[in-house]
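The values are calculated or read from the model by the stated rules, or taken from the named source; none is laboratory data. Values in this document were obtained by computation on a predicted structure and should not be read as measured data. No Cβ is skipped: glycine too gets one built from the backbone with ideal geometry, and neighbour counts run over all protein chains shown. With ligands, DNA and RNA removed, areas are computed over all heavy atoms of the protein, side chains included. Shrake-Rupley method; radii C 1.70, N 1.55, O 1.52, S 1.80 Å.
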Amino acid sequence: MSEFQGARPVIWPAKTNHVPKEVFVREDVYEEELRRFFYGNEWNAVCHLAEIPNKGDFKTHAVGRVPLLITHDENDQINVMYNACSHRSNLIETRHRGNRKEFECPYHRWVFNLKGELSATPPSAEYVPGFDKANYPMKKPRTEILHGIVFVTFGADTPPLSEYLGDAVDKIQEVLGGDGNLRLLGYQKVIFKANWKAYGDNDAYHAGLLHTAFRMLNWQGGKGVQWADKRGHRGFYGQLSLPRSTSFLKDPSLIEYRGANFEKGSQSVHLFLMFVAIRHMDSIALRYANPLSVDETETHYVYFGRAEDDESMTQHRIRQSANLLGPCGMVSMEDAAMFHRLHLGSNTPGDAIFQKGVKNEHTLEDTFLQTDESANLPGWIYYRDVMGFAKEQA
Ligand code: FES
Ligand SMILES: [Fe+2]
């Protein structure tokens, strides 16, 4: 991996549990991250099939600054295109979701079908001789679908998705409750005023300390397991312990758990870069995050039920989803303020230091307690290597 050629070098600390704060705030580092990660050899989750279940459904999304258009065509094929006209690159679709038979570019009225093929242009005798519509489809990035989740990559050397995900393949399936046969319940969208890595670094350690409601619900008491791999993917499952009292809740059904497995009452997978699949009690959610700039991260919380749910279960999942772990949810509402404060504080010199679960400052652990922050460190080593930062001598 080539060395980072920024305005000035980033020298990575020798201690494995230290992360230099400047990487959260430097514009030149951010631009290089776009090239090496977002446009590099990583898979990015952009959609679940349940978000576009019908023929003609589409969704737009972005990876870094690259706009994408995802469609469900007449042959039930899923197409991921760059959201740009093949003429002069005008953005083809501006809405987040919808249903349509074709896309007409308003600038010079070129028309594309759901597969991204150019189907019509205004008549013109003055186009380049030999002009053939077949030569001007919308371009497509490499795409794979796993458990209903659509992934794209722009890198030339990205490994196949199942190899890239490794053990996370089965863990995502477990979080989704099976084969990914889900039904969309709704969205919440938020822009965190923080660098994408501050958002992505969110740990399980803070939950019982920062979130008052989490503590009142006694959710920290159970057993749990956390894992992390060398590519920075990580996740956990935790046992649900029942609250000592629910008298502080006007409606205790909010925390009713209809699932059977209390050992794994809470489960999440956090894929590098920032994709989260989470099931907490009966709430199933995917979170897509994307940086808007060095200090802004847009996150879409997408809530799902299972396709076979009855009306009562659907209402239960809707009630539980946003109200517990949404951006304004009872047990996560403090996160946005904390990401912002982390980001503001990162404009000071020195390192962010990980402590909980670190047994040796110079080696990486490979087992983690559920509430250890050390499970974030394999991802930071991977980040450092891909960015090509020189390492300080011990
Ligand atoms: S840019 Fe789309 S038709 Fe010209
Ligand atoms: Fe939190």
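For region 373-394, the residues whose backbone nitrogen is under 12 Å from a point 7 Å from the Cα of ALA14, taken along Cα to Cβ, are 391-394. Checked against a 23 Å cut-off, the cross-linked pairs LYS197/LYS356; LYS59/LYS193; LYS15/LYS171 give Cα-Cα distances beyond that limit for LYS59/LYS193; LYS15/LYS171. In 10 Å bins starting at zero, report the fraction of Cα pairs in region 54-153 per bin as a rounded %. Pair shares across the bins are 15, 49, 27, 8, 1.
Spatial offset of region 197-258 relative to region 69-102 amounts to 38 Å, using the alpha carbon center of each.
The relative contact order of region 245-394, computed from alpha carbon pairs under 8 Å that lie at least 6 residues apart in sequence, is 11 percent. Highest average first, the peptides 89-101, 365-377 ordered by how many other beta carbon atoms sit within 10 Å of their residues are 365-377, 89-101. A 1.4 Å probe run over region 54-153, with the rest of the protein chains in place, finds 52 Å² accessible per residue. Assuming charge only on the beta carbon of Lys and Arg (+1) and of Asp and Glu (-1), the dipole of the chain about its Cα centre is about 580 debye to the nearest 20. The gain in end-to-end length when the LYS193 to ASP179 segment is fully stretched comes to 1.6 nm, 0.36 nm per residue minus the alpha carbon separation. Loop only by DSSP, 12 or fewer other Cβ within 10 Å of the Cβ. Give me the GluC sites (Glu not before Pro) in region 18-80 that pass, ordered by residue number. Loop-located and lightly packed - GLU74. Between HIS96 and MET313, the distance separating the two model label sites (each 7 Å from Cα on the Cα→Cβ line) works out to 2.6 nm.
Taking 7 Å steps out from each Cα toward its Cβ at ARG35 and ALA156 produces label points 1.4 nm apart. Computed from the C-beta positions of ASN54 and ALA260, the FRET efficiency with R₀ = 45 Å rounds to 0.90.
Here's the picture: charge each Lys and Arg Cβ at +1 and each Asp and Glu Cβ at -1 in region 9-66, and of PRO20, ALA50, HIS61 the one pushed furthest to the positive end of that dipole is ALA50.
Rolling a 1.4 angstrom probe over region 21-65 with all protein chains present gives an accessible area of which 49% lies on carbon and sulfur atoms. Among the trypsin sites (Lys or Arg not before Pro) found in region 1-53, those both in a DSSP coil and sparsely packed, with 16 or fewer other Cβ atoms within 10 Å of their Cβ, are LYS15.
If every alpha-carbon in the chain counts as one equal scatterer, what log10 I(q)/I(0) does Debye give at q = 0.06, 0.09, 0.14 1/Å? Relative scattering, expressed as log10 I(q)/I(0), comes to -0.26, -0.58, -1.28. Extending 7 Å from Cα along the Cβ direction at ALA337 and again at ARG142 yields two label points whose distance is 4.4 nm. Taking a point 7 Å out from the Cα of ALA390 in the direction of its Cβ, the residues of region 346-363 whose backbone N falls within less than 19 Å of it are 350-351. Whole-Hz Karplus values for region 278-294 come out as 9, 10, 10, 6, 9, 8, 10, 9, 10, 10, 9, 10, 8, x, 9, 6, 5 Hz, taken residue by residue from phi with 6.51 cos²θ - 1.76 cosθ + 1.60 and θ = phi - 60°; glycine and proline positions read x.
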